[in-house]
Amino acid sequence: MRTSSQPRMSGPSLKRLMILMLAAVVVLPAVLPQATSAREVELKLNLNPGDEFRQELTIDQLTDMQAGPQQILMEILVTITMHTQVLERTDSGNLAVKVDFERVRGEADGPMGRGAWDSKNGGAPNNPMLLGFAAVHGLELTYELAPDGKVSNVQGFEGMTDRLLDAMNAQGPMRDQVRAAIETQMSGDTMKELIESSYTAYPDGPIDLGDTWDQTVDLKGFAPLNVNVEYTLTAADGQTATADINGKLATKPDAKMEVMPNVHMGMQLDGTQKGSCVFNLANGWVESMEINQTLKGSITTPEGQGPNGESIEMPMAIDTTVTIKSLPVE
């Protein structure tokens with residue numbers, strides 16, 4: 001984790017800013033793709049009931065914002081251990097999938113200080129930047145996965161809001177305000193959209209080394225982003241295949257993100273992704289991946305956040321590294 005030295009904010013302006021940014025720290029990394037397999041035959045995700053996988057997802061993110069004369073640095077390093085099981089094939093031909101979020105651990109450094117937390121030790125995080133991640137610990141998420149990668153019938157997020165509010169010790173009007181923000185940003189449609197975007201498009205037919213294929217994702221939820229990714233097959237043997245990843249991200253013109261019902265923040269960001277991934281050729285599952293993503297631009301707060309009741313435009317840059325590695329199934 002990178003270290004930083006920064007001035008500290010305090011008072012109501014900091015609380016308002018942290019509420020508005022609470023979900024951004026959690027959701028923006030989620031637009032990173034989880035690539036699927038490629039080899040010199042027909043390409044598809046070949047999962048079957050009984051398959052199970054354990055993976056470790058690590059997100060290392062540094063956000064640099066300029067609020068008027070003040071620089072705000074926020075850094076977070078979080079590792080999530082997930083256990084995915086393919087339960088059965090439904091009558092419609094889809095796969096019923098279950099994901100357990102077994103462990104979450106992280107470190108954070110920002111305007112409200114430094115902190116570290118590990119779900120294995122219990123208790124609540126001592127840094128608000130870790131609360132959103134901590135709320136996913138213990139979740140059992142289920143959904144149906146169609147052969148074309150479409151996701152439906154997402155279940156399991158229902159208890160996350162109350163657990164996050166309890167961890168924040170949010171009471172009274174503050175609890176209602178934060179609940180509205182979470183439910184706006186993490187609606188069922190938004191969660192379905194994010195999960196579905198993790199299953200990338202496959203090439204239309206057999207490909208050879210050096211061939212490329214594309215994926216375009218149009219995110220309409222919390223972060224209104226257009227994501228265009230190009231995959232290039234760089235290596236393949238009898239068991240694994242490797243692809244380079246090059247992507248571009250950009251918000252739509254005049255994009256706004258709804259942070260609470262009828263409360264919007266302007267958002268203009270664009271950037272790039274670069275990385276690579278290794279796949280298991282037998283089932284198409286990701287064995288490992290690393291992606292470096294850079295976003296630059298600005299966000300604009302709702303009116304009322306400035307000293308004279310005006311909105312505030314804040315230039316920002318977000319550098320994120322996401323890695324995935326496989327773990328033994330226990």
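Quick notes
- Picking from residues in the range 99-116 that are buried (at least 18 other Cβ atoms within 10 Å of the Cβ) and of a type in the set (A, V, I, L, M), the one that is farthest from the chain's Cα centre (by Cα) is Met112.
- The single condition from (1) under 29 Å from Ser298 (Cα atoms); (2) surrounded by fewer than 19 Cβ atoms within 10 Å (Cβ to Cβ) that Thr63 fails is (2).
- In the set (1) part of a strand (DSSP E or B); (2) surrounded by fewer than 21 Cβ atoms within 10 Å (Cβ to Cβ); (3) not β-branched (Val, Ile, Thr), Asn308 fails one condition alone, (1).
- Scanning the range 206-264 for residues being acidic (Asp, Glu) and either at pLDDT below 75 or in a loop (DSSP other than H, G, I, E, B) (or both) gives a total of 5.
- Tally of residues being within 14 Å of the chain's Cα centre (by Cα), of a type in the set (A, V, I, L, M), at pLDDT 50 or above and surrounded by fewer than 20 Cβ atoms within 10 Å (Cβ to Cβ) across the range 16-60: 1
- Scanning the range 84-104 for residues that are assigned to a strand (DSSP E or B), farther than 19 Å from Gly159 by Cα and out of contact with any Leu (no Cβ under 9 Å at 6 or more places or on another chain) yields Thr84, Gln85.
- Residues of the range 105-137 classified as part of a strand (DSSP E or B), in contact with a Gly (Cβ under 9 Å, 6 or more places away or on another chain) and closer than 30 Å to Ala67 by Cβ, total: 7
The values are calculated or read from the model by the stated rules, or taken from the named source; none is laboratory data. A quick note: this is a predicted structure, and the numbers were derived from the prediction, not measured. Methodologically, a virtual Cβ is constructed for each residue, glycine included, from the backbone with ideal geometry; neighbour enumeration extends over all protein chains shown.
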